[in-house]
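*Asks:* Have a look at the structure that comes next, please.
The values are calculated or read from the model by the stated rules, or taken from the named source; none is laboratory data. These numbers come from a predicted model, not from an experiment. Here Cβ is always computed from backbone atoms with ideal geometry, including for glycine, and neighbour counts include all displayed protein chains. Areas reflect the complete protein model, heavy atoms only, side chains present, ligands, DNA and RNA absent. Shrake-Rupley method; radii C 1.70, N 1.55, O 1.52, S 1.80 Å.
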Amino acid sequence: VQLMAVEVGISGGKFNPAVLPKVLSLRERYPNLPLAVAGGISTDNARLVIDAGANELVVGYNLFGSSDIKGYIEELETILLNEEKRLVS
């Protein structure tokens, strides 16, 4: 399942935190469901989305709009790895 965190059809839209309770609810009801969140995902909110229960993040505008794509990917990977370690512990 993929949830949209921005208004559909608007590239570069601002992340809407109203999606987080929906992620939490789906995760509680369907613990093994592949759950993705798309739209407005950034290094600033990735932790919130993962903590809510998403196990896939769809990153587009913030990645390709970055002046340092490689650095952006590395920062996002660090966040994801740290969250994975925290969740497993």
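*Asks:* Measuring from label point to label point, each 7 Å out along Cα→Cβ, what is the ARG27 to ILE69 span in nm?
*Replies:* Between ARG27 and ILE69, the label points sit 3.0 nm apart.
*Asks:* Principal axis extents for segment 28-89, Cα atoms only, whole Å, descending order, please.
*Replies:* Cα extents, longest axis first: 39, 24, 15 Å.
*Asks:* With the chain treated as a Gaussian network of Cα nodes joined by springs under 10 Å, which of SER67, SER11, SER25 yields the largest mean-square fluctuation?
*Replies:* Greatest mean-square fluctuation among the candidates belongs to SER67.
*Asks:* Springs between alpha-carbon atoms under 10 Å, Gaussian network over the chain: tell me which of VAL37, VAL23, VAL58 tops the mean-square fluctuations.
*Replies:* Comparing VAL37, VAL23, VAL58 in a Gaussian network model of the chain, the most mobile one is VAL58.
*Asks:* Mind checking the per residue accessible area of segment 29-89 for me, 1.4 Å probe, whole number of Å²?
*Replies:* Numbers: 3900 Å² over 61 residues.
Heavy-atom SASA per residue in segment 29-89 reads 64 Å².
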